[in-house]
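Take a look at the structure below.
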Amino acid sequence: MSDGHQHNGHESVPSRQRRRFPGISSRAYEHPADRSALVALRKLSGFDTVFKALSGLLPERSLRLLFLSDSVRVSDRQFAHLNDMLRDACYILDLEKVPPMYVNQDPNPNAMCIGLDEPIIVVTTGLVELLDEEEMRAVVGHEVGHALSGHSVYRTILLFLTSLAVRVAWIPLGNFAIMAIVTALREWFRKSELSADRAGLLVGQDLQASMRGLMKIAGGNHLHEMNVDAFLEQAEEYEAGGDLRDSVLKILNVLPRSHPFTTVRAAELKKWAASRDYQRLMDGHYPRRDEDKDASVRESWRDSASSYADEVRTSKDPLMKLVSDIAGGAGDLGDRVRRGFGGFTSSAPKPPRGPQQPGTSSGSSSDTASGTAPGTSSGTSSGAQDARDEEPPRDGA
């Protein structure tokens with residue numbers, strides 16, 4: 001850690017000050033869906049013990065030896081600027097034990113936090129060469145956020161199961177069972193990435209740097225050719241554009257991914273940075289780590305359900321709007337679905353209503369269709385039937 005650390009809740013750096021968060025709980029920045037899943041898992045007696053007992057099957061020891069033997073370990077003598085960022089990130093988020101970090105030769109920009117017993121952080125040379133100092137600081141904070149949240153255990157399991165699914169693909173139903181678990185873990189992990197992006201912002205405390213970093217990961221090192229506002233407009237177009245067919249394709253496209261799409265991550269992070277929760281956190285009001293044992297599973301699930309409900313209600317995605325309309329008691333569901341799919345189907349025209357004989361009662365529609373004789377009373381007048389036919393559908397019908 002740098003010598004500029006102060007004890008007034010801020011960290012002194014050459015160009016600016018950053019707030020420190022003593023005793024902060026990962027619940028302060030975790031996405032509600034991520035948080036509820038983790039709280040539920042942690043409440044299961046022996047859950048982590050059982051999974052760590054699988055260490056003989058999981059390749060953790062092999063991975064550690066691999067990075068130790070074929071990557072560069074970050075220290076005060078190797079990649080010293082990354083070492084300073086790592087120690088500063090742990091100081092800001094009050095992570096007592098600094099995890100080891102390695103730089104791995106790989107042109108693809110990437111970073112990960114893995115490990116069962118102790119987390120290790122790996123960044124690729126492609127990422128180090130792509131990002132400037134403040135953008136990289138947000139990424140290091142992102143990975144430290146994963147470590148503080150305990151994501152490395154489940155991330156390692158996900159990597160192992162993904163590899164295992166390939167090996168047992170020839171076994172009938174074996175691959176299906178494993179991929180069901182992998183799909184569920186990927187959905188959780190995509191939410192955990194949103195949590196870690198928030199942790200990166202807490203460490204860097206520079207929203208524009210976080211936005212630039214995500215934009216560079218999407219479009220490469222041509223910053224003079226890109227614009228953050230235009231990049232965020234892509235996220236808005238992605239969410240609101242198209243019809244139900246596009247909504248289905250979005251779901252299919254994201255299923256095999258461990259990370260959300262980059263424009264979506266940028267938009268989600270900007271929305272959180274503008275929220276009251278973030279402002280309160282920056283003012284020093286946040287849940288503490290020593291309160292984690294009292295965290296309620298039911299409360300976390302309720303927060304998660306509320307978050308999903310808000311997401312559905314405010315989403316501009318055609319499918320989410322349809323779900324919201326149905327929940328709100330929309331009228332002609334079939335017509336809405338047809339319009340949602342671009343109107344490629346058309347409803348059959350209704351047959352014209354036959355003239356009513358004056359002074360006679362019309363039967364129910366089924367009576368009329370079966371040829372009930374005029375003058376036979378069915379208990380329903382034609383006027384009442386017509387009024388019922390023309391009445392618009394009510395909410396909840």
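Return the residues of segment 91-118 that are out of contact with any strand residue (DSSP E or B) (no Cβ under 8 Å at 6 or more places or on another chain) and within 24 Å of ILE157 (Cα to Cα); say none if nothing qualifies.
Scanning segment 91-118 gives LEU95, LYS97, VAL98, GLY115, LEU116, ASP117, GLU118.
Of everything in segment 206-252, what is under 24 Å from VAL139 (Cβ atoms), of a type in the set (S, T, N, Q) and under 21 Å from the mean Cα position of the chain (by Cα)? Give them in sequence order.
Result: GLN208, SER210, GLN234.
Can we say LEU249 is within 17 Å of GLY145 (Cα to Cα) and either part of a helix (DSSP H, G or I) or of a type in the set (S, T, N, Q) (or both)?
On the way: within 17 Å of GLY145 (Cα to Cα): no; either part of a helix (DSSP H, G or I) or of a type in the set (S, T, N, Q) (or both): yes.
Criteria not met by LEU249.
Report whether or not GLU143 is in contact (Cβ under 8 Å) with a residue 12 or more places away in the chain, touching a helix residue (DSSP H, G or I) at 6+ places or on another chain (Cβ under 6 Å) and under 21 Å from ALA273 (Cα atoms).
So GLU143 does not fit the description; no.
Return the residues of segment 194-218 that are acidic (Asp, Glu) and surrounded by 21 or more Cβ atoms within 10 Å (Cβ to Cβ); say none if nothing qualifies. Before the answer, list the steps.
From segment 194-218, those acidic (Asp, Glu) are 197, 206; that's our starting set.
Across segment 194-218, the qualifying residue is only ASP197.
Only residues that are modelled with pLDDT of 80 or more and assigned to a helix (DSSP H, G or I): list them for segment 252-263, please.
Those that are modelled with pLDDT of 80 or more and assigned to a helix (DSSP H, G or I): LEU252, ASN253, THR262, THR263.
Identify, please: which residue in segment 279-294 is assigned to a helix (DSSP H, G or I) and free of Cβ contacts under 8 Å to residues at least 40 places away in the same chain and is, among those, nearest to HIS151 (Cα to Cα)?
Selected residue: LYS293.
Could you check GLY342 against (1) part of a helix (DSSP H, G or I); (2) modelled with pLDDT under 90 and say which number it fails?
(1)
The values are calculated or read from the model by the stated rules, or taken from the named source; none is laboratory data. What you see is a predicted model, and the numbers here were worked out from it, not measured in a lab. Virtual Cβ from ideal backbone geometry, glycine too; neighbours counted across all protein chains shown.
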